[in-house]
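Visitor: One structure, as structure tokens, below. Some questions next.
Readers should treat all values here as calculations from the given coordinates under stated rules, not as data from a laboratory. Note that this is a predicted model, so its numbers are computed, not measured. Here the Cβ positions follow ideal geometry from the backbone for every residue, glycine too, while neighbour counts run over all protein chains shown.
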Amino acid sequence: MQVTVRLFALAKQTAGRAELILTLPEHSTVADLRHAILQSVPELTPLLPNLLISVDSEYAGDAQPIEPGAEVALIPPVSGGSGPVRPIVFRTTRLFR
Amino acid sequence: MIEITEGPIDHNALTERVRSHQAGAVCSFLGTVREMTGDRRTASLDYEAYPAMALKKLEELEAEARQRWPILEVALVHRVGHLDLGEISVVVAVSCPHRHQAFDACRWLIDTLKEVVPIWKKEVWADGREEWVHPGLTTPASDHPRDTPS
């Protein structure tokens, strides 16, 4: 399946483009997507461990499957955050998954 | 009330919007473009959003805050694009029956907004270099930022 990955901020600047179109096997996960991104754009290698991935506008863990047609994005750390990604801060909310 | 806008933010109008007879307290926070960061001088800032996700996260923030505090009205507005020194990048306005609730809700909303809402800022330094601000990521400022597609 084809997956379009949107890029923002430093990820976009580093890759030199605003989106990537990748071909993944069916039933791929976010972890598989990370691997495919590194293969496709090695320049992102130093950044990728610090980038979150969103699937359909929700932060997604590595085990999450990617359905065909999903909207996927690379999310660099947000300006007010306090360092390397803090994925779970408020467990009662849906803000971080 | 949730908005991402490219134009200037009217913070007075937002504060008025959240006022009500049930409120004993209104707290408004303005984020503004600061000139000095340590000894480095900022010329301007460029903000970029992932709009669909940013709006969704702002709505979730409002819903979560309403569960935590007896909020009467709330406005969350973030500006994107090019901002000059002193301009307002973000406004959080909240009204509650009592002041400690309004202070606490406003503080939580701006702090959490800046951690979870996918909006990024790029420093345009006075020396002409440009640099995305990503806590935890250290990269040299780019000398050729104009190569980046928008």
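Visitor: Where nothing but the Cβ of Lys and Arg (+1) and of Asp and Glu (-1) is charged, how large is the charge dipole of chain B around its Cα centre, in debye to the nearest 20?
Guide: In debye, rounded to 20, chain B gives about 460.
Visitor: Going out from 0 in 5 Å bins, what whole percent of all Cα-Cα distances in the stretch A:6-72 drops into each bin?
Guide: Calculated over all Cα pairs of the stretch A:6-72, the distribution is 4, 17, 30, 29, 16, 3 percent.
Visitor: Further question on the same structure: Highest GNM mean-square fluctuation, chain B, Cα pairs closer than 10 Å: which of B:G38, B:G128, B:G86?
Guide: B:G38
Visitor: To the nearest 20 debye, what charge dipole does the stretch B:1-68 have about its Cα centre, counting +1 at the Cβ of each Lys and Arg and -1 at the Cβ of each Asp and Glu?
Guide: Roughly 260 debye, rounded to the nearest 20.
Visitor: So, one more: Pairs to check: B:K57/B:K122; B:K57/B:K114; B:K56/B:K114; A:K12/B:K121. Give those whose C-alpha atoms are more than 19 Å from each other in this structure.
Guide: Too far apart for the 19 Å limit: B:K57/B:K122.
Visitor: What residues have an amide H closer than 5 Å to that of A:E19, excluding those fewer than 5 places away on the same chain, when H is modeled at 1.01 Å from N in the peptide plane?
Guide: Distant-sequence amide H within range of A:E19: A:L7.
Visitor: Enumerate the residues in the stretch B:24-40 having an amide nitrogen under 18 Å from the point lying 7 Å beyond the Cα of B:E87 toward its Cβ.
Guide: Flagged as within label range: B:30-36.
Visitor: Moving to a separate point now. To the nearest 20 debye, what is the magnitude of the charge dipole of the stretch A:30-82 about its Cα centre, counting +1 on the Cβ of each Lys and Arg and -1 on the Cβ of each Asp and Glu?
Guide: 200
Visitor: Just name one of B:T32, B:S89, B:H21: the one whose Cα is farthest towards the positive end of the charge dipole of the stretch B:2-139 (beta-carbon charges, Lys/Arg +1, Asp/Glu -1).
Guide: B:H21
Visitor: Starting from the Cα-Cα distance between B:Q67 and B:Q22, subtract it from 0.36 nm times their residue separation and give me the gain in nm to one decimal.
Guide: Here the answer is 14.4 nm.
Visitor: If you don't mind, there's one more thing I want to ask. Within the stretch B:1-90, which GluC sites (Glu not before Pro) sit in a loop by DSSP and count at most 16 neighbouring Cβ atoms inside 10 Å?
Guide: Taking the stretch B:1-90 and a limit of 16 other Cβ atoms within 10 Å, the loop GluC sites (Glu not before Pro) found are B:E6, B:E35, B:E87.
Visitor: If packing is taken as the mean number of other Cβ atoms within 10 Å per residue, what is the order of B:101-110, B:88-97, A:49-58, highest first?
Guide: B:88-97, B:101-110, A:49-58
Visitor: In the stretch B:65-87, which residues have a backbone nitrogen under 19 Å from the label point lying 7 Å from B:D10's Cα in the Cα-to-Cβ direction?
Guide: So the set is B:74-80, B:87.
Visitor: OK, next. Tell me whether the protein assembly as shown comes out rounded, prolate or oblate; compute the Cα gyration tensor, take square roots of the eigenvalues as a ≥ b ≥ c, and use a/c under 1.5 as the rounded threshold. All intermediate terms of the calculation are to be shown ahead of the outcome.
Guide: Working: a/c = 2.33, a/b = 1.38, b/c = 1.69.
It is oblate, given that a/c is not under 1.5 and a/b is not larger than b/c.
Visitor: Modelling each spin label as a point 7 Å along the Cα-to-Cβ direction, I'd like the B:M1/B:D39 distance in nm, to one decimal.
Guide: Output for this residue pair reads 4.5 nm.
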